[in-house]
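One structure is given here, and the rest of the page talks about it.
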Amino acid sequence: MARSVVTEAVALEGRAPQGWSEPRLAHVGGFTALEEELDYRIGTAEIRGRVPASVRGTFFRIGPGRNSLGGQKFGHWFDGDGMLHALTFTDEGAWYRNRYVRTPKYVRETAAQQVRCRSFGHNAPGGWLKNIGRPPANCANTSMVWHGDRLLALWEGGRPWEVDPVSLATVGECDYGGRLRPWEPFSAHGSVHPNGCYYNHGVSMGLTGPRINLYEVSPAGRLQRKSHFRIDRLAFVHDAGMSARYKVFLVHPLGLGNPLPFMLGLKAFDECVEFRPEWGMKAYVVSLETLAVERVFELPPFAVFHLGNCRERGDELVLELVRFEDYAVAEALRNVFTCDASQGGQPWQLRLNLRTGQVAGQPLPMAASCEFPQWDLRYSAGESRYLYSAAIADNGTPGFFNAIQRLDTETGAVTLHDLGPGRFTSEAVFVAEGQAEGDGYLCAVVYDARNHRSEVLLLDARSAALEEVAAVPLRHHVPFGFHCGYTSRAFLPA
Ligand SMILES: [Fe+2]
């Protein structure tokens, strides 16, 4: 376990947010809104450390930019309006900008300065008549992908939103030229295959019952094939694994129990979500050649939101994930603005034997509970050794993710980079340099509760202690978000 030494303090003005006096709540200032949409440059003299010459691409980060409106808190962190942040690294320093995604929810509620829409965690005001039959509004706040010359802001239950990668201006809802139908949701998590295709999915209620829809987008950005298959219930299938020849969907017993109160507008969606182990759990293995289910496995039930890499070893599919024993994290997520939300999961390896049908699994070593598994994406769908994650270290200010963890799955060695008291993060994405797996950096946004500011941090992914190589200070905080991404494309104004 080690922590990089910060050798130079960055002078920033800011205010210590409410909660800093209570160490377990030091993080809560990270949930305050960022109303401003900004665009500015940061010179090399302002950067702590030195950004490596190989890092000259664009780092994207997405998450709720505001969690309340007109003095009224949204019902859930998941309801926050999506804000994209981008930092392009240049020879002269970096260029930062941020913009809200102009979804109908954002536009309508901003004009009214009031909560107007039904969302995941709250109903629209006005009683059941204002909510009956209405789906939660698309917040475009969960993840993003740069693929097929499009930057897409992704949500769980609706269409993606296209955003200009330079200005972050909203282009509009993306339906892939009409090929993505209105009733076909597009998940927050897809996978780019080594062949260049992008595979995404969405859970919906079809004519014959709940189903998973699968989409194949060509390297040029054309939605070229679709399929779907039945599942047992309307489960949350937030993420999926991908090997060279298969997609793997883990359908856990977490989903809508009795959907009627939601459909009738009596309860919010979140209030109807249940975790019931007796529903069982299945893994559906889908061939990427035919887009048809090839094998279904039954698993001992657990909850899972994010998967790591997946590869084929002989007859087996071997995949990493972060496992939760139940959905106790739901309570923390509902009250995340005011409570200690430090509930991570256990890294886990799952093995599915395609010949015998056998299932095996084992916990992987960890220094601290974690979420947001990431890896060197150049090795996607193949053998990879390192698994990176956001973790919760015991440094006196838990509350939220406050560390970045590296696991060597070959040796079991775990390295924890503790960000230090009052410093918090979420997902860290791998930025490649060199050829070998793990040659590169981990890039993440870090929120510092002491001055209510954020910075974009680069850690050396190869170093013994995940040492810090550079930190780009921002002039404000970045509200806590979910996912991030990096492309070697340097998006800069013409
Ligand atoms: Fe996610």
I'd like the accessible area for Arg406, computed on protein heavy atoms only with a 1.4 Å probe and all protein chains in place. Round to 10 Å², please. 30 Å²
Given the range 152-202, what whole percent of its Cα pairs are spread farther than 15 Å? 49 percent
For the chain, what does -39500 (n - 2.57) per DSSP helix run (n ≥ 4), summed and divided by total residues, give at 222 nm, in deg cm²/dmol to the nearest 500? -1000 deg cm²/dmol
Treat the range 122-254 as a sphere of radius equal to its Kirkwood radius over Cα pairs and apply Stokes-Einstein at 20 °C in a medium of 1.002 mPa s; give the translational diffusion coefficient in µm²/s, rounded to a whole number. 136 µm²/s
Counting alpha carbon pairs within less than 8 Å and at least 6 residues apart, what relative contact order, in whole percent, applies to the chain? 18 percent
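Could you sort Trp161, Trp128, Trp146 by their accessible area in this structure, using a 1.4 Å probe and putting the largest first?
Working: Trp161 20, Trp128 125, Trp146 65 Å².
The ordering from most to least exposed comes out as Trp128, Trp146, Trp161.
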On a C-alpha basis, how far is the centre of the range 160-215 from the centre of the range 361-422 in Å? Whole number, if you could? 29 Å
Run the simple label-point estimate for Glu173 and Cys339 please: 7 Å along Cα→C-beta, distance reported in nm. 3.4 nm
Euclidean distance between Cα centres, the range 325-353 to the range 222-261, Å: 19 Å
Restricted to the chain, the DSSP antiparallel beta bridge percent, nearest 5, is 100 percent
Can you give the relative contact order of the range 406-494 as a percent, counting alpha carbon pairs under 8 Å and 6+ residues apart? 24 percent
Two-site label geometry, Arg56 and Asp394: point separation in nm, points 7 Å out along Cα→Cβ: 4.6 nm
Rounded accessible area per residue of the range 6-487, 1.4 Å, Å²: 37 Å²
Could you rank Glu271, Glu289, Glu109 by how accessible they are, 1.4 Å probe, largest area first? Glu289, Glu271, Glu109
With 0.36 nm assigned to each residue of separation and the Cα-Cα distance removed, Arg24 to Leu207 gains 61.1 nm
Of all accessible surface on the chain at a 1.4 Å probe, what whole percent is carbon and sulfur? 51 percent
Quick one: grab the alpha carbon gyration tensor of the range 6-487, order the square roots of its eigenvalues as a ≥ b ≥ c, and give me rounded if a/c is under 1.5, else prolate or oblate depending on whether a/b is larger than b/c. rounded
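Please arrange Asp270, Asp91 by accessible surface area, largest first, computed with a 1.4 Å probe and ligands excluded.
Final ranking, largest accessible area leading: Asp91, Asp270.
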Mind scanning Lys105/Lys226; Lys130/Lys282; Lys226/Lys282; Lys73/Lys226 and naming the pairs with a C-alpha gap bigger than 30 Å? Lys130/Lys282; Lys73/Lys226
Starting from 0.36 nm per residue, how many nanometres of slack lie between Arg378 and Ala328 once their C-alpha separation is accounted for? 14.6 nm
Let me cross-check Met205: its accessible surface, 1.4 Å probe, with only protein heavy atoms counted, in Å² to the nearest 10? 120 Å²
With a 1.4 Å probe and every protein chain left in place, tell me how much accessible area Thr44 has, in Å² to the nearest 10. 80 Å²
By how many nm would the segment from Leu492 to Ala244 grow when fully extended, if each residue of separation counts as 0.36 nm and the alpha-carbon distance is taken off? 85.9 nm
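The values are calculated or read from the model by the stated rules, or taken from the named source; none is laboratory data. Just so it is clear, the model here is predicted, and its values are computed rather than measured. For neighbour counting, all protein chains shown are included, and Cβ atoms are generated from backbone atoms with ideal geometry for every residue, glycine included. Areas reflect the complete protein model, heavy atoms only, side chains present, ligands, DNA and RNA absent. Shrake-Rupley method; radii C 1.70, N 1.55, O 1.52, S 1.80 Å.
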